[in-house]
2 protein chains.
Amino acid sequence: MVESSRIAAQDGLRADARRNRERVLAAARAVFAEHGIDAPMATVARRAGVGVATLYRHFPTRDALVRDAFAQQMDTCVRALTEALAAPDPWQGFQQLIETVCALQREERGFPAAFVAAFPESTSEHAQSRQRAERDFTTLVRRAQASGALRADFHPSDLAVVLLAHCGLVATLPGDGAASRRLVAYLLQSFRADTANEPLPPPTALALRSLPIAADSPQRQRAPRA
Amino acid sequence: MVESSRIAAQDGLRADARRNRERVLAAARAVFAEHGIDAPMATVARRAGVGVATLYRHFPTRDALVRDAFAQQMDTCVRALTEALAAPDPWQGFQQLIETVCALQREERGFPAAFVAAFPESTSEHAQSRQRAERDFTTLVRRAQASGALRADFHPSDLAVVLLAHCGLVATLPGDGAASRRLVAYLLQSFRADTANEPLPPPTALALRSLPIAADSPQRQRAPRA
DNA sequence: GGCCAAACGGACGATTGCGTCCACTTAGGA
DNA sequence: TCCTAAGTGGACGCAATCGTCCGTTTGGCC
């Protein structure tokens, strides 16, 4: 679903338009990572070195920009699911899947918010691919449960629980990979049927009090329409 | 730290001022629950039936309003910690503490965001009480570990991991108690040294796709200053 | 009851972000 | 090289929110 430059070459856009489009996408990723996905469109445009009008011509709404900016990451998620299904050991696949998606959320700042925001996107195309993803994931869960590795009462919707919780964590503590890894480890451990205590990744160095970024900066709740 | 009406009676405020103050606090809780803590101040004022100026006179900044609006909830958290320390079984205390705080976050919409936002508040007074809370919690953890119920590699900073993750979850899925309960159950289970599989609370009825509220409405990342 | 400081409320100027309009530029085929 | 349609950029009008200023009201002491 990502337009590689090869595909883009066939999209009928003029060379400069294509160039600008890519610039805007790159700028959007950078700005969204830094200021959250509600950063002013003008900031993205400035960062890309183009005018606002150019930005709006390519991406009529903020959501369109966000979606396209993180299309690659979304694709990686989809691919991870496919690979998980293909894995010989379903539990391995399950574990890999969750770790991959969480790593993505952790590393690509701004992606978590985009991920959550994109959820209810009920575009015909997106709805379809999501439905397929849900079906595939359910299959994976069944297999992993049948193999005895995944606890029987794990419910496919628990994936949302994991991802949204993890999203929230990395949104609040951006850059704290340790915390994210710990959460994932704790959860994966809970999901195993035979819950032997496996060693955890090291805890974050941050104490409870030192959340330097969370407060004055990016994310907090947001009021849409008063 | 909460001004009960008794204490308020001695605060030298005129009767109408005191009344308005309480009205504003109540309105703030309601509005913040409904629209997030970034809801326009004017909305809070209107809901309270007072003018903006009155609101600003009592609470010069939005943060002051948020802090005071959720002071009661914060207190409950502190009390929960005290009770946890007093519990005969340290594991019980630990479990209770986490469940209480998460229940609070789950039930009082808007509180989670306030909770996170309040974290780095380095007010002299608040810093002190937080330090004390951290010390107490560490004590609780040590005791629970000594009793053999809490896994040895649990680190006090994991509390932040739990609370922030849970925050994120309930912020995205407000009103979904099931998801919140599941997360808490999964995590608590991971924290036990002897990880027997205990039954989980029922999963949420929501499938991955149906996040009716998350998208167009309240919370997503937010850009502060471009 | 009367007085006055405390409290009130809404209008207002400032700031910020959005998205469009239009005059100018340029890519690339003829 | 020239021509034209596609592309560009920034100025502009609109809307929302902020926080203050100031004329009016009212609680509560004398």
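Assorted remarks:
- A:F94 vs. criteria touching a Gly at 6+ places or on another chain (Cβ under 8 Å) and either in the same structural domain as A:E108 (by TED's automatic domain parsing) or more than 16 Å from DNA strand D (Cβ to nearest atom) (or both): no
- Summed over the stretch A:33-55, the residues that are near DNA strand C (Cβ under 7 Å from one of its atoms) and without any contact (Cβ under 8 Å) to a residue 24 or more places away in the chain give a count of 4.
- Consider the stretch B:24-47 and keep the residues that are away from chain A (no Cβ under 14 Å) and surrounded by 18 or more Cβ atoms within 10 Å (Cβ to Cβ). The one that is farthest from DNA strand D (Cβ to nearest atom) is B:L25.
- Filtered residues of the stretch A:150-192 (kept if within 18 Å of the chain's Cα centre (by Cα), of a type in the set (D, E, K, R) and more than 7 Å from chain B (Cβ to nearest Cβ)): A:D176, A:R181
- Complete set of residues in the stretch A:134-177 that are of a type in the set (G, A, S), surrounded by 18 or more Cβ atoms within 10 Å (Cβ to Cβ) and within 24 Å of B:G168 (Cα to Cα): A:S157, A:A160, A:A165, A:G168, A:A171
- Residue within the stretch A:71-89 that is within 16 Å of A:R109 (Cβ to Cβ), among the hydrophobic types (A, V, I, L, M, F, W, C) and within 14 Å of DNA strand C (Cβ to nearest atom) present: no
- Given (1) crowded, with 19+ Cβ neighbours inside 10 Å; (2) at positive phi, number of the condition B:F70 does not satisfy: (2)
- Flag if A:D11 is outside any helix (DSSP H, G or I) and within 12 Å of DNA strand D (Cβ to nearest atom): yes
- Scanning the stretch B:172-182 for residues that are under 16 Å from A:L183 (Cβ atoms) and either of a type outside the set (A, V, I, L, M, F, W, C) or in contact (Cβ under 8 Å) with a residue 40 or more places away in the chain (or both) turns up B:T172, B:S180, B:R182.
- Qualifying residue in the stretch B:110-131 (condition: within 30 Å of B:A185 (Cβ to Cβ), in the same structural domain as B:A179 (by TED's automatic domain parsing), charged (D, E, K, R) and out of contact with any helix residue (DSSP H, G or I) (no Cβ under 9 Å at 6 or more places or on another chain)): yes
- Here A:A17 meets the list (1) away from every other protein chain (no Cβ under 14 Å); (2) within 18 Å of A:C102 (Cα to Cα) almost entirely, failing just condition (2).
- In the stretch B:56-69, the residue that is nearest to DNA strand C (Cβ to nearest atom) out of those that are of a type outside the set (A, V, I, L, M) and within 11 Å of another protein chain (Cβ to nearest Cβ) is B:R62.
- Top-ranked residue in the stretch B:56-79 [being without any contact (Cβ under 8 Å) to a residue 24 or more places away in the chain and in a helix (DSSP H, G or I); ranked as farthest from DNA strand D (Cβ to nearest atom)]: B:R79
The values are calculated or read from the model by the stated rules, or taken from the named source; none is laboratory data. Note that the structure is a prediction, hence the values are computed from the model and not measured. When we count neighbours, we look across all protein chains shown, and the Cβ atoms used for this are built from the backbone with ideal geometry, even at glycine.
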